[in-house]
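Okay, structure first, notes after.
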Amino acid sequence: MNQFSSWKYVVIALTIIFGVTYTIPNFFGESPAIQIMPAKSGGKVEITTLQVIENELKIAGIDPVGAIAEKDNIKLKFQTAEEQIAAKSISENVLGSDFVVALNLISNSPQWLSSLGALPMYLGLDLRGGVHFLMELDLSKVSERKNDGLLSDLRRAMREDKIQYYDSQINGGVIQVKFKQEDDLDKVKDIVRGMGTGRSIFGAGSAKETEAFSFLETENNGEFILQIRQSQYADEDTVSFALKQNLETLHNRVNELGVAEPIIQQQGKDRIVIQLPGVQDTAKAKEILGRTAILEMKMLSDDQSPELIERAENGQAPPGTQLYRDRDGAPMLIKKEIILTGEKIINAGPGVDQMTGQSIVSITLDGSGANIFKQITRENVGKRMALILVEKNSAEVITSPVIKSEIGGGRVQITGMKNAQEATDIALLLRAGSLAAPMEIVEERTVGPSMGKENIARGVNSTVWGFVAIMILMSIYYMTFGLVSVVALSANLLFLVALLSAIQATLTLPGLAAIALTLGMAIDANVLINERIRDEIRNGNTPQASIHMGYEKAWGTILDSNITTLIAGLALFMFGSGPIKGFAVVHVLGILTSMYSAIWVSRSIINYIYGRKRKIESLSIGEIYKIENN
Amino acid sequence: MEIFRVKKDIPFMRFRRISAIISISTFVLAISFLSLKGLNLGVDFTGGTIMEVKYAEQANIQSIRDTLATIDLQDAQVQNFGTARDVLIRLPLRSDLSIADLSEKVLASLKEKNDAVEIMRVESVGAQIGEELYEDGALAILFVCLGIVLYLSFRFEWRFAIAAIVANLHDVIIILGFFAFFQWEFNLTVLAAVLAVLGYSVNESVVVFDRVRENFRRMRKSKVEEVINNAITRTMSRTIMTHLSTQTVVISMLIFGGEILNNFALALTIGILFGIYSSIMVGCPLAMWLGTNQSNLARTEDPKKTEQEII
């Protein structure tokens, strides 16, 4: 009656082997390491790079204890943190700005385990230290920029087609253009339609919004006014496009920061989550992530007479020009037309001008950028060009050199940097690209490294001591059956940790609390079973029959109570964010593993102890008192 | 060893009027604390900033307050917690400063004053995010309640489902009442505890109801009251053991868990204690009052079929 067929023992043995294999990587600890990654996303690291670094380290007397070369990164492991820091600066010197070197920690578990995919649990930021940012797109700026671009494109197109318009402006998200001739309205509408792609809407409902724009025509004293408004879905497309670009830019910027294993993910339609493990300098991270710097190259107006500048300062700049100030506050008139923007930059690095000793940024333009630059410099020898850094609401002329001769090859030096640090920062921003629209940090969670370690200790101690207390309680109260329950509970802990390691779910402090709590709750199944067995014996059943009936009858109750707990766990997972999600994942997995271990594993041991004997006098399940009535 | 050496069923249901008075009055008390004092919501829900810093030596709270006042942050709450070196700073949302700038500004000014300050943790939440987390939390509670009612209606019947969920919500309201009365901080982690309690305490009701259903089939001639009394008495030992085990772990969390898990463990403790009471003295009387009896429960599962399965 109480015998398991051998295949069940095989299954249990296999699951325990799985459990042990995936749990042990957690016990090997971690070593300090450096991680070398290409600065540009999608770049590769050659195996020769590794050899170069290893040679350099050997010269410096540093001997890495291990090296892992992967497609997109190289990891070098060291014995001490001092070696790690030294190796980082050596590698940085050797590799220059094409690569990023980040500090990291690598598990010491043997290679054969890692190749099985058996890795230590993935620790959340509250356990390993680091920063979590939630950034939100400034939606008003997104449509503003889109409308600005649209209007300037429209103006150019109307000039080309010789359409007479006067007074074009943007008002409350609506572009408004006035015409003398009624026919022009239709021509302009066609031009505008060509600027946006329509989206076909299938299925039920009206096909109202298949166009990217909606138009409103009004007539007022012989003026024909056209109002152009982006449709809602075109707005949505703009937002999602802006978010995608920002995602990529932030990726590049985070790369530049040199963070090992960052997480950069879209959340919802206008938010991005960034997690930077191990980052301590939050001020620097915020500055780099939040900056919206765009580089623009424009020509200075030919006439810089004081009278014109004075009029411009009163808000009457000559048509086609705009007033800017340089770093010293000196005003200058600059043509509105943009020659080049930072998008044409393929590389940028800080440097020092050989002649003056000033800090500079040297940039390399892409093919088309180089051509435009060559042409502009050829046509404008002797004139002045301005390099303008546009940030949030300010635009500043960094430098405005006189063009001495045609510059080909696309290599440009920007002088006028305040100091070496600024040169480095601006070079980084130019390399990483600009944000399509500003983003604001709406949530920040920072955990210091010592706090992370403390949190691990807190969670682990809560679990271990809670477990020990349950062990004592159960063995005293249920004797052998209690011990078996404890073994089943240990198996549950093993399976849970193994599963969490295998699926690399993020373990947080609430997650650790969930491990402890799940253990406390999982024992309920065994308590139910043990009490049922006692009940059966009280009712006068034989020991063998009592075991059998006890397990059978408890099963339904265990299932019902676990499913209700599971419902709560799933709700936590669906609606929870951050710490709650971490709790929910562990909780739900713990419930599932507990049903297996409490019923199967404990039963297999009980069967092994009692099932083989033909006749047993009594069960070691503690004292049982008889109830008199019924 | 057996804790409960009961020879006769304990007549729990005889006390149902007294327990109703107790339940209703604790419930009303909890509600009145909630409405008069309100929950002390953490930055997760209100928006704002919490910073935890550690000094090399004993921290000077007054000096920190003065430093913050110099950068125009008089409304900062500064307090010690844990050891004398640990300081917790709470800052409300500012319209003129983004949350990212605020924490940097505070950090910079503290560093300037005393370089031996280490940042342990910063939590900054914008107003919009706080509101969303609050809404999501409320939705989660609603979803859990609905899910449990549906499942129990399907496995048992609607009377038990209603009784169980009322018993559960009774626990949740009492936890919230405690948090309102003592003004303990209510944050996301505590919300997780409340939801865990919701799942956990329904376990309790399920175990008792399971016995009640079984007893209805077994004790065909007994009165409803006797059936329920018997079910509660027979599950008493399990109730005590399970809760003792869970509570042991929670105590371990209270001791070792630090300040982040402290309120989490407190919520669980209240939930566990009241969970025992409510499943027995709220859930059962309610199921009885709603008219649970042999005819509407024994039918849900064919007794003959079940017995065959057992053998």
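List of remarks:
- Stretch in chain A that is longest and holds no GluC sites (Glu not before Pro) that DSSP places in a loop and that have at most 12 other beta carbons within 10 Å: A:183-616
- When each of A:LYS141, A:LYS269 is scored by the number of other beta-carbon atoms lying within 10 Å, the sequence from fewest to most is A:LYS269, A:LYS141.
- Estimated FRET transfer efficiency when R0 is 56 angstrom, pair B:ASN60-A:VAL10 (beta carbons, to 0.05): 0.30
- Centre-to-centre, using Cα atoms only, segment A:422-473 and segment A:248-266 are separated by 15 Å.
- Selected from A:LEU95, A:ILE53, A:PRO38, residue furthest toward positive end of dipole (segment A:31-104; charges at beta carbon): A:PRO38
- Mean partner shielding of peptide A:550-561, defined as the number of other chain Cβ atoms within 10 Å of each residue Cβ, is 5.
- Dividing the mean sequence gap of close Cα pairs (under 8 Å, 6+ apart) by how many residues chain A holds gives a relative contact order of 16 percent.
- Taking other Cβ atoms within 10 Å as a rough exposure proxy, A:PHE215, B:PHE216 sort from fewest to most as A:PHE215, B:PHE216.
- In this rough spin-label picture, where each label sits 7 Å from Cα along the Cβ direction, the A:THR80-A:GLN3 distance is 6.4 nm.
- Efficiency of FRET between A:LYS244 and B:ILE21 - r from beta-carbon atoms, R0 56 angstrom, step 0.05: 0.35
- Pairwise centroid distance, computed over Cα atoms, of segment A:564-608 with segment B:108-136, Å: 33
- Annotation note: trypsin sites (Lys or Arg not before Pro) in segment A:534-630 located in DSSP loop regions with a Cβ neighbour count of at most 12 within 10 Å are A:ARG612, A:LYS613, A:ARG614, A:LYS615, A:LYS626.
- Restricting segment A:386-478 to trypsin sites (Lys or Arg not before Pro) in coil, as DSSP defines it, with at most 14 other Cβ within 10 Å: A:LYS392, A:LYS404, A:LYS418
- Modelled spin-label separation between A:ARG193 and B:ASP72, with each label point placed 7 Å from Cα along the Cα-to-Cβ direction: 5.4 nm.
- Normalised contact order of chain B, rounded percent, pairs of Cα under 8 Å and 6 or more residues apart: 25
- Sorted peptide list for B:18-29, A:499-510, B:135-146, criterion being average Cβ within 10 angstrom, highest first: A:499-510, B:135-146, B:18-29
- In sequence order, calculated HN-Hα J values of segment B:272-284 (Karplus, 6.51, -1.76, 1.60; Hz; x Gly/Pro): 5, 4, 6, x, 4, 4, 6, 5, 8, 9, 10, x, 5
- Computed label-point distance, nm, for sites A:LYS180 and A:PHE27 using a 7 Å Cα→Cβ extension: 9.0
- Charging the Cβ of each Asp and Glu at -1 and of each Lys and Arg at +1, and nothing else, the dipole of chain A about its Cα centre rounds to 1920 debye.
- Cβ crowding within 10 Å averaged over residues, with A:270-279, A:360-369 ranked highest first: A:270-279, A:360-369
- Segment A:408-422 - phi-based ³J(HN,Hα) in whole Hz, Karplus 6.51/-1.76/1.60, Gly and Pro as x: x, x, x, 9, 10, 10, 9, 9, x, 6, 5, 7, 4, 4, 5
- Helical contribution to [θ] at 222 nm, DSSP H n ≥ 4, -39,500 (n - 2.57), averaged over chain B, rounded to 500: -22500 deg cm²/dmol
- Across peptide A:469-479, the mean count of Cβ atoms from other chains lying within 10 Å of each residue's own Cβ comes to 3.
- Derived from the Cα gyration tensor, the three semi-axes of the equivalent ellipsoid of segment B:48-125 are 19, 13, 11 Å, largest first.
- Cut-off 19 Å, label 7 Å out along Cα→Cβ of A:PHE215, residues of segment A:160-175 by amide N: A:160-171, A:174-175
- FRET efficiency estimate (nearest 0.05) - Cβ-Cβ, B:GLU259 to A:ARG325, R0 41 angstrom: 0.20
- Taking amide hydrogens as placed 1.01 Å from N in the peptide plane, the amide H of A:PHE99 sits under 5 Å from those of A:ALA39, each at least 5 positions away in sequence or on another chain.
- Other protein chain C-beta atoms within 10 Å of residue C-beta, averaged over A:581-593: 2.
- Each Lys and Arg Cβ is given +1 and each Asp and Glu Cβ -1; about its Cα centre, chain B then shows a dipole of about 2300 debye.
Coordinate-derived values only; no laboratory data. What you see is a predicted model, and the numbers here were worked out from it, not measured in a lab. Cβ atoms come from the backbone with ideal geometry, glycine included; neighbour counts cover every protein chain shown.
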